[in-house]
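K.L.:
The structure is given below, and queries will be raised subsequently.
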Amino acid sequence: MKILLVCLGNICRSPMAEGILRDMIGKEGLSWETDSAGTSDYHVGEAPDLRAQRTMMERHIDISDLRGRQLRPSDFEEFDLLLAMDESNLRNMKAIAPNLELARKARLMMDHAPDHRMREVPDPYFGGDEGFVEVFDMLTMACRNLLADVRS
Ligand code: 4NP
């Protein structure tokens, strides 16, 4: 199983999602692969936002090794599932998919957390630290369910 997490900048939400999923996969002993990407090229080559790194580190997950990259059409061939943080990301992803069938691999992350009241993971970039904690909690719920959904 190869899963790509996608947001706008690839420095806040999607590297946090990648870190949480990577941690769970490691603890479960699964050989799944994860990566993350941004629909934009704003932060290519950059480490995750320091607020994202700190929020994760306080919860014992190190994402300092991750680097920003931009989503590319070939990601739709390489990955089994491409998970968007919000509807805008999902639209932009589908727009660069090589064809309609491959575009169906792209879904909303929060589709895996149907009991949560929010369908989109809010962009924490322009807000305060509390936004990153909210993102962490939402992503933890979605990743836990994702593991169960894919294995069932
Ligand atoms: P992300 O957050 O999409 O969760 O990585 C953002 C990071 C940077 C920008 C926007 C969102 N930006 O406009 O630079």
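The values are calculated or read from the model by the stated rules, or taken from the named source; none is laboratory data. The structure presented is a predicted model; accordingly, all values stated were derived computationally and were not measured. All Cβ positions, glycine included, derive from the backbone under ideal geometry; neighbour counts span all protein chains shown. Ligands, DNA and RNA are excluded from the accessible area calculation, which covers all protein heavy atoms including side chains. Shrake-Rupley method; radii C 1.70, N 1.55, O 1.52, S 1.80 Å.
K.L.:
Quick one: in the stretch 70-122, what % of C-alpha pairs are over 14 Å apart?
P.N.:
Tail of P(r) above 14 Å: 49 percent of Cα pairs.
K.L.:
Could you list which residues have their amide H under 5 Å from that of residue 36, counting only those 5 or more apart in sequence or on another chain, with H placed in the peptide plane?
P.N.:
5
K.L.:
Non-local amide H neighbours of residue 2 (under 5 Å, H modeled in plane, Pro and chain starts lacking H): which ones?
P.N.:
Residues meeting the amide H criterion: 33, 80, 81.
K.L.:
Give me the percent of DSSP beta bridges within the chain that run antiparallel, rounded to the nearest 5.
P.N.:
Here the antiparallel bridges make up roughly 0 percent for the chain.
K.L.:
Moving on to the next point. Considering every Cα-Cα pair within the chain, what fraction, in whole percent, is farther apart than 19 Å?
P.N.:
47
K.L.:
A follow-up question, please. Which order, highest average first, do 99-108, 43-52 follow once you tally other Cβ atoms within 10 Å for each residue and take the mean per peptide?
P.N.:
With the highest mean Cβ count within 10 Å placed first, the list reads 43-52, 99-108.
K.L.:
Moving to a separate point now. Roughly how many percent of the accessible protein surface of the stretch 9-121 is carbon and sulfur, given a 1.4 Å probe and a whole-percent answer?
P.N.:
46
K.L.:
Quick one: accessible area per residue over the chain, 1.4 Å probe, rounded to a whole number of Å²?
P.N.:
50
K.L.:
With an 8 Å cut-off on Cα pairs and a minimum separation of 6 or more residues, tell me the relative contact order of the chain in percent.
P.N.:
26 percent.
K.L.:
Whole-Hz Karplus ³J(HN,Hα) for the stretch 107-118, in order, using 6.51 cos²θ - 1.76 cosθ + 1.60 and θ = phi - 60°, x for Gly and Pro?
P.N.:
Along the stretch 107-118, the couplings run 9, 7, 3, 6, 4, 8, 10, x, 7, 6, 6, 9 Hz.
K.L.:
Assuming 0.36 nm per residue, please report the length gained on full extension of the stretch residue 72 to residue 30 beyond their Cα-Cα distance.
P.N.:
Difference between extended and current length: 12.5 nm.
K.L.:
Where in the chain are the DSSP H helices whose C-alpha atoms run 18 Å or more along the long axis and whose mean Kyte hydropathy is at least 0.0?
P.N.:
Membrane-span-like by this rule: 129-151.
K.L.:
If you stretched the chain out fully between residue 62 and residue 2, how much longer would it get, using 0.36 nm times the residue separation minus the C-alpha to C-alpha distance?
P.N.:
So the chain would gain 19.6 nm between residue 62 and residue 2.
K.L.:
Something else about it: Give the calculated FRET efficiency between residue 54 and residue 101 to the nearest 0.05, with a Förster radius of 30 Å applied to their Cβ-Cβ distance.
P.N.:
0.15
K.L.:
Also: What residue among 59, 91, 117 has the largest mean-square fluctuation in a Gaussian network model of the chain, using Cα springs under 10 Å?
P.N.:
117
K.L.:
Taking the simple approach of a point 7 Å from Cα along Cα-to-Cβ for both residue 41 and residue 120, what is their distance in nm?
P.N.:
2.5
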